[in-house]
Every structure is written in C-alpha cells, then in structure tokens.
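Single-structure report; data block below.
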Amino acid sequence: MAVLEQILKNGEQPILKVVDLHTSFTTDNGEVQAVNGLSFNLNPGTTLGIVGESGSGKSVTAYSIMRILESNGHVTQGKILFNGEDISKYSEKQMADFRGNKISIIFQDPMTSLNPVYTVGNQIVEAITLHQQVGREEAKAEAIEMLKQVGINDAERRFRQYPHELSGGMRQRVMIAMALVSKPSILIADEPTTALDVTIQAQILELMQELQKKYHMAIIIVTHDLGVIAQMADEIVVMYGGRICERGTAEDIFYNPCHEYTKGLLKSIPNVDNMKEKLIPIEGSPINLLNLPKGCAFCARCSKAMKICLEQVPPELRMPDGHLASCWINVRDNNYIVDEEAAA
Amino acid sequence: MSEANKSEYLVEVKNLKQYFPVRTGFMKTVPLKAVDDVSFAIRPGETLGLVGESGCGKTTVGRTLLHLYKPTGGEIYFEGKQVTEKNIGEFRKDMQMVFQDPYSSLDPRMTVEDIIGEPLDVHKLYSTKEERHQKVIELMNLVGLNAEHATRYVHEFSGGQRQRIGIARALAVNPKFIVCDEAVSALDVSIQAQVINMFEELQEKLGVAYLFIAHDLLVVHHISDRIAVMYLGRMVEMADADELNENPIHPYTLSLLSAVPVPDPKTAKASQRIILEGDVPSPLNMPSGCAFRTRCRYATEQCAKECPALTDRGNGHMVACWNR
C-alpha cells in the first residue's frame with residue numbers, strides 16, 4: 001500500500017533504494033566502520049551527488065552497491081534495492097551478470113582502470129560480449145558507434161589504440177563508452193573528473209549530462225568538489241565519517257543547509273559573490289574511523305556541539321523545507337516537522 | 001593599486017625560458033619548451049596567482065625561478081639584483097618553496113623538529129641548541145602546530161598538519177618570497193580553508209610575497225592580488241584578480257573561467273559554458289604561432305604565422321592575442 005501511495009505521489013518509484021547500509025573493513029588495527037547507517041533513494045533519470053571529504057565513506061558506498069569492495073571489506077547490514085529487488089542478497093554469479101549491465105561504474109583514474117596491454121577497442125568489445133549475445137564483428141561495430149557517442153573523433157583509429165596513446169580526457173571517454181555499452185539504468189561515477197583539467201572536466205561533465213538525457217539514465221556522482229556537485233546533482237547526500245549528515249535537493253542543501261558540517265563546508269570555500277571575504281574553515285583534523293565518537297561523527301570539530309552530541313547519534317529529521325538532516329541542533333531549536341514516512 | 005615603478009618590485013622575471021631536451025631517437029633530441037619567454041614581477045607582500053592546466057609550465061616557472069632548474073634563457077632579479085647560478089646561494093634564504101604533496105616532500109625519518117630546524121642548520125641561524133629549539137617552537141606556534149609534537153615523525157600527522165610543517169620549514173629562514181606550488185591542492189576542502197587562511201595571516205604578519213601556483217581558479221582568485229594565466233609554456237594574460245575574472249580578454253582565459261564549476265546550483269545550471277574542443281597539443285609538437293589557435297574560435301591566419309606578444313590593455317591588464 002505504501003509503495004502504491006509513493007508511486008502516486010512521485011509518479012515514479014525510485015530505481016535504487018539504499019536502506020541502512022553498513023560497510024566495514026577488517027584491518028590489523030580493528031574493525032573500521034566506513035559506512036554507518038546510510039539511506040538514500042535514487043529516482044530514474046536524475047542525478048544524485050554524494051559529497052564528503054576523504055574518509056567520509058562516499059566511495060565505499062559506491063563500491064558497496066557494486067559489490068567491488070577490497071577483500072577485507074564487507075556489507076554488514078542494510079538493503080540495496082534495485083527496482084524493489086535486494087541486490088545485496090544476490091549470489092556472486094547473479095552479481096557478475098548484473099554489474100556493468102544494469103549498473104555501471106567509472107573511476108577517478110582512467111589509466112589504472114583500463115588494461116594497458118589491450119587496445120581500447122578490445123576492452124569495449126569484451127564489455128559488450130560479456131552481457132550481450134552478439135558476434136565479434138557486430139560487437140566491434142557497436143563499440144565504434146559507442147566511441148562516437150562519447151565524442152571521440154576518428155573512432156576507427158582510436159579503436160585500435162592502447163590506453164597510453166590517449167589523453168586523460170579521452171581515456172575517461174573510453175571508460176564512459178565501456179560503462180554504457182549495455183545501456184545501464186544507473187551510472188555510478190566515482191570522482192570522474194578529479195584527475196582532469198578544468199576545461200576537460202567541463203567536456204566530460206557535459207558529455208555525462210548529454211548521455212543521461214539520451215538514455216534516461218540515473219547517475220550517482222561521488223565527489224569532494226562542491227562546484228561539480230552544484231552543476232550536476234538534482235539531489236545531494238552529504239556524508240561525514242561514514243554517516244549521513246543531510247540529504248535533499250541541491251537547492252535545499254546549498255541554500256538552506258541544516259547540519260553544522262554542511263554549513264561549515266559551504267563557508268570554507270571562496271564566496272563567488274565576494275571573493276575577498278575571509279574563509280571560515282572547519283577547525284580540527286579529519287576524523288579517525290578507527291575511533292569513532294559515540295554520538296555525532298562531526299561533534300569533535302563542531303563549534304556548536306552540545307552534551308548530547310557527544311553521547312547520542314542524532315536522528316534523521318525532516319526539515320520545514322522537506323529535506324532530511326541529522327543534527328541535534330534542529331531538535332534543540334524545534335526546527336523540524338513530524339513526518340510519518342521518515343519515522344517509518 | 002597604483003602604477004608601480006620598477007624599483008619597487010621584489011622579484012622580477014624577464015623573458016624566462018626553460019627548455020628540456022627530449023630524446024626522440026638515436027643521437028637526436030628536440031627541445032621541449034616548458035617555459036617560453038615568460039615575464040612578470042611581484043611586489044613585496046603581494047600574491048601573484050599562476051594558473052593553467054597540467055603541462056602548461058606553471059610549476060616549471062616556480063622551480064626555474066628558484067634556480068632549481070638552470071634557466072635556458074632570461075633574467076631573474078631579486079630586490080633589483082640579478083640572480084645567477086653563481087650567486088643563488090645568497091638568495092636561498094630569501095626565496096623559499098612549499099610543495100604540493102606533504103606526503104613526499106617531508107623526510108619520514110626525521111622528527112618535525114629536525115625538518116623545521118634543517119634550514120636553520122644550513123644557514124647557521126642559531127648559536128646554541130637551546131636557541132634552535134626555541135626557534136622551532138616559535139615556528140610551530142606560528143603555523144598553528146602543537147609544540148608538544150616537535151619530537152614526532154611526519155607519519156603521525158594528517159595532510160593539513162603536514163602542509164603546516166612544510167610551511168614552517170619554508171618560514172624558518174625568514175624569507176621575503178615563497179613559491180607555493182599547488183600548496184593546498186591535496187587537502188580536503190575544510191582543511192584547505194585553514195591553510196589558505198594561514199597563508200593570508202602570515203602575509204599580513206610577515207609581509208611575505210607569494211607566487212601562488214594552483215589549478216583551482218576559485219582558490220587562486222580568493223588569495224591573489226593579481227593572476228597570470230599560462231597556456232603551453234607561454235603567458236597569455238595577466239591582470240588584477242578581480243579584473244581578470246570580471247573582464248577576461250584572452251579566449252583561453254574566457255573558456256577556462258567558464259569551465260570552472262561554480263558551487264551554487266542555480267548559477268551553475270544556468271551558466272553558459274564555452275566548451276573547448278579537443279585536448280592541449282603536445283608540447284613537443286607545438287602549433288606554429290599562437291599555441292592556442294588550434295582550439296580557439298577566434299583564430300585567423302595571422303595566429304598561425306606569428307606568436308602574439310603580451311600587450312598592456314590598460315591598468316596593467318596584459319593580454320597576448322591578435323584578435324581580441
């Protein structure tokens with residue numbers, strides 16, 4: 001019943017639903033809680049941005065969805081629902097069929113994710129024949145068509161080249177071509193432009209938006225760059241220390257942040273309207289995941305931390321404008337609305 | 001800023017050239033023109049931002065300026081005195097450098113006290129051990145490090161703290177000029193702001209001048225008094241920071257600025273980008289004339305024939321372009 005209501009309400013059901021995801025790594029120094037109770041929804045054809053600094057668990061979230069964690073990492077709790085089906089229960093064989101077919105991923109450094117001893121064409125053909133029943137010639141034609149789609153000129157020649165013969169921007173285009181051969185419904189982009197120059201970054205981001213429209217594909221973009229997030233994301237998830245700080249539309253997060261970390265983050269970047277204004281940094285050092293505080297992950301660096309922040313994890317509450325934030329200050333100031341959906 | 005006369009410059013660089021020989025075959029080398037004919041000047045206590053994409057030669061400018069590479073051509077002046085290979089020793093104390101990667105630019109086997117104290121040893125700036133220790137403690141306090149951590153090793157510190165160690169080391173000899181080569185690029189946003197603020201505070205306190213090399217245009221705009229833009233080894237535009245951002249003239253600067261993702265959803269989604277076609281040409285196979293012409297929508301025949309020189313378009317706004 002609730003599902004039906006939601007369909008009526010949103011018009012569409014989220015294509016991906018992550019519910020209470022926990023991921024941890026077993027290390028010599030103990031169990032590292034990299035992701036700690038993360039939930040979000042992704043609607044078809046929209047872009048979700050996951051933003052956070054190093055160690056916030058944003059990449060681990062992406063890898064948990066794709067199940068490509070390092071061997072010492074494991075999802076300990078939570079559901080990952082793709083079209084209502086829990087893919088975290090999939091067998092390794094099911095997952096191999098699913099990965100790259102329904103959801104694809106591209107990485108920060110295209111040089112290390114392409115195989116240097118095979119031509120790029122070869123690698124794209126491999127991706128095609130893995131998921132589709134086509135012959136080699138057909139696959140080759142499709143691969144060349146895909147290279148053209150991602151804006152590579154002279155695709156026939158590039159098809160025969162090795163990764164080292166291409167520039168960084170071109171390699172990332174090849175990665176995108178490879179990721180999209182099976183027309184996945186979701187593309188996960190893990191810091192896709194961090195290694196690229198700003199003019200090349202603009203090319204790649206535009207390409208992603210163009211292809212998104214064409215294939216009606218949902219995108220999860222993981223980045224630390226608030227500029228990239230602002231340009232790309234419809235909705236944003238802000239993470240700190242493996243926990244979610246707040247989530248909502250891009251406008252809600254940028255214009256009405258309700259978590260002290262998000263507020264601090266936005267104040268620590270240069271103000272576009274007044275460049276000479278002094279930056280207000282977040283004091284202190286990044287969090288140590290081996291030694292997470294009992295309460296809010298951000299409390300050690302928060303200038304407004306209260307006693308309760310140190311002791312209890314803040315609940316996720318709906319803000320008056322409709323987005324969700326987890327900060328005790330909202331409870332203190334009574335700045336939330338009671339929301340049955342979130343409570344459920 | 002008033003029109004300055006030459007003598008008030010702290011650092012002056014004239015027609016700096018840095019070519020690296022690249023082997024292309026047996027007994028065959030071609031020069032890679034990493035920096036070609038670059039001139040600029042920095043006043044005491046001023047920050048000049050240097051921006052450009054990877055491979056444009058901005059780091060090489062910084063290193064050649066400090067004679068970490070022997071310049072192929074051009075002149076460097078510090079306080080009016082020419083810096084040459086022979087007398088660079090005299091200037092080492094006044095010109096320092098902070099590197100990008102605080103993980104590889106600090107010796108992992110040395111304690112923080114020894115890292116910061118090393119320049120003091122080199123320049124013999126103390127008479128007793130106690131004095132050296134005191135100086136190190138002062139420097140650590142200056143950059144916001146806990147002085148109790150002087151006996152620790154670098155691996156015990158976070159990225160932001162390591163960068164502070166690197167800065168304390170540069171400041172140890174009381175320099176008048178520091179080259180900051182991507183000094184905040186490796187840091188997380190919230191930590192980046194701490195370090196940027198520290199650079200600004202140190203400038204106010206000590207009057208040190210910076211050559212601030214970075215690729216993040218928002219950060220450079222924030223910290224710099226003036227900004228210079230490089231493309232393939234040449235300087236294409238230089239102006240006051242606000243002037244450059246409000247009124248960019250060179251087509252490369254225009255597309256560079258429009259490519260910057262603005263951290264504001266409404267502006268970012270509404271803004272019209274000038275997307276450059278293609279990639280930066282290889283510096284080994286540079287286009288004739290203006291290096292940017294292969295990607296420039298204003299390019300004409302003249303651009304292929306001759307390389308435009310930097311000319312003053314008023315108020316010190318220097319541009320190297322034939323058509324704009």
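Computed from the coordinates by the stated procedures, all read-outs in this text should not be read as laboratory data. All of these numbers come straight from a predicted model, not from anything done at the bench. Heads up, the Cβs are rebuilt from the backbone with ideal geometry, glycines too, and the neighbour counts pull from every protein chain shown.
List of remarks:
- Among A:MET275, A:MET306, A:MET232, the largest mean-square fluctuation in a Gaussian network model of chain A (Cα springs under 10 Å) belongs to A:MET275.
- Residues whose placed amide H lies under 5 Å from that of B:GLY49, excluding near-sequence neighbours: B:PHE212, B:ASP225, B:ARG226, B:ILE227, B:ALA228
- Euclidean distance of C-alpha centroids, region A:304-335 and region A:89-128, integer Å: 41
- Taking Cα atoms only, the orientation of helix A:136-149 departs from the longest principal axis of chain A by about 50 degrees.
- For the residues B:VAL13, B:VAL51, B:VAL236, a GNM of chain B with alpha-carbon springs under 10 Å puts the largest fluctuation on B:VAL13.
- Residue pairs exceeding 30 angstrom between C-alpha atoms, taken from A:LYS278/B:LYS58; A:LYS58/B:LYS269; A:LYS58/B:LYS266; A:LYS278/B:LYS129: A:LYS278/B:LYS129.
- Euclidean distance between Cα centres, region B:100-125 to region A:226-274, Å: 37
- Within the protein assembly as shown: Cβ-based charge dipole about Cα centre, in debye rounded to nearest 20 (Lys, Arg +1; Asp, Glu -1): 1260
- Exposure proxy ranking, count of Cβ atoms within 10 Å, fewest first, for B:SER288, B:SER258, A:SER326, B:SER185: B:SER288, B:SER185, B:SER258, A:SER326
- Note on region A:42-59 and region B:227-292: Cα centroid distance 29 Å, given to the nearest whole angstrom.
- Restricting region B:15-45 to chymotrypsin sites (Phe, Trp or Tyr not before Pro) in coil, as DSSP defines it, with at most 10 other Cβ within 10 Å: B:PHE26
- Over chain A: helical MRE at 222 nm, DSSP H runs n ≥ 4 each giving -39500 (n - 2.57), nearest 500: -10000 deg cm²/dmol
- Amide H within-cut-off set for A:GLY49, under 5 Å, with H built and near neighbours excluded: A:ILE221, A:ASP234, A:GLU235, A:ILE236, A:VAL237
- In order through region B:202-211: 3J(HN,Hα) via Karplus (6.51 cos²θ - 1.76 cosθ + 1.60), integer Hz, x for Gly, Pro: 5, 5, 4, 6, 10, x, 7, 9, 10, 9
- DSSP beta bridges in the protein assembly as shown [antiparallel fraction, %, rounded to 5]: 60
- Amide hydrogen neighbours beyond the local backbone of A:THR76, cut-off 5 Å, H modeled: A:HIS22, A:THR23, A:SER24
- Counting every other Cβ atom within 10 Å of each residue's Cβ, B:ASP188, A:ASP28 order from fewest to most as A:ASP28, B:ASP188.
- Antiparallel content of DSSP bridges confined to chain B, in %, to 5: 65
- Computed 3J(HN,Hα) for region B:138-147, one whole-Hz value per residue from the Karplus formula 6.51 cos²θ - 1.76 cosθ + 1.60 where θ = phi - 60°, is 4, 5, 5, 5, 4, 9, x, 9, 6, 4, glycine and proline marked x.
- Environment charge of A:GLY100, counting only residues whose C-beta is closer than 15 Å and scoring Lys/Arg +1, Asp/Glu -1: 0
- Each of B:SER39, B:SER127, B:SER255 was scored by other Cβ atoms within 10 Å of its Cβ. Listed from fewest to most, they are B:SER127, B:SER39, B:SER255.
- Annotation for region B:91-192: trypsin sites (Lys or Arg not before Pro) lying in DSSP loop with at most 12 further Cβ atoms inside 10 Å of their Cβ are B:ARG109, B:LYS124.
- Karplus-derived 3J(HN,Hα), 6.51/-1.76/1.60, for each residue of region A:13-29, Hz, glycine and proline x: 8, x, 7, 10, 10, 9, 10, 6, 6, 10, 10, 9, 10, 8, 10, 4, 8
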